[in-house]
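Report on the following structure.
The values are calculated or read from the model by the stated rules, or taken from the named source; none is laboratory data. Remember, it's a predicted structure, so these values are computed and weren't measured experimentally. Counting neighbours? That spans all protein chains shown, and the Cβs are built from the backbone with ideal geometry, glycine included. Just the protein is used for accessible areas: all its heavy atoms, side chains included, with ligands, DNA and RNA removed. Shrake-Rupley method; radii C 1.70, N 1.55, O 1.52, S 1.80 Å.
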Amino acid sequence: MSLGRLILAWLAVAAWFAASRYALVRVRMRLASNELQQPDLAEAVFTRAALPVGLAEAVVVTLLASLWFDSLGHGGWWLLFALVGLVQTVPTLVHHNSLFRRVGRAQLVRFVFDTLRYVVAGGILAWRLG
């Protein structure tokens, strides 16, 4: 796989992650206004720290996709990226909610949305690298 293809795929995934983070903040703000709760300001504001984290996340997912599409296989990419998304989102759901508290609508939306972010990123990478 050429470096140019990897960089283009990485940029596409980085753009998707930035757009999906913005959409998630908008959805959470709308849900918070309905539930009379305010979202964390740290999540609602894009900080300088969010950019390198998002770019690094896109690099890791792109390299994983490169490994998958170049050597391990082509089918089942959606399951691979759904599992990676679950690995990323389950700890945050468990961390913010104990097993004895009810999971709120906003947490459930974030859980589903964050998992789908990875599946869509896998689709972008399947299109660019597959």
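Structure data summary
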read-out: Pairs, first open to solvent by less than 40 Å² (accessible area, probe 1.4 Å) in segment 104-127, second modelled with pLDDT under 90 and polar (S, T, N, Q), C-beta under 6 Å, six or more apart; value: Asp114/Thr89; Thr115/Thr89; Arg117/Ser20
read-out: Scan of segment 19-54 for residues that are open to solvent by less than 60 Å² (accessible area, probe 1.4 Å) and modelled with pLDDT of 80 or more, ordered by number; value: Ala19, Ser20, Ala23, Gly54
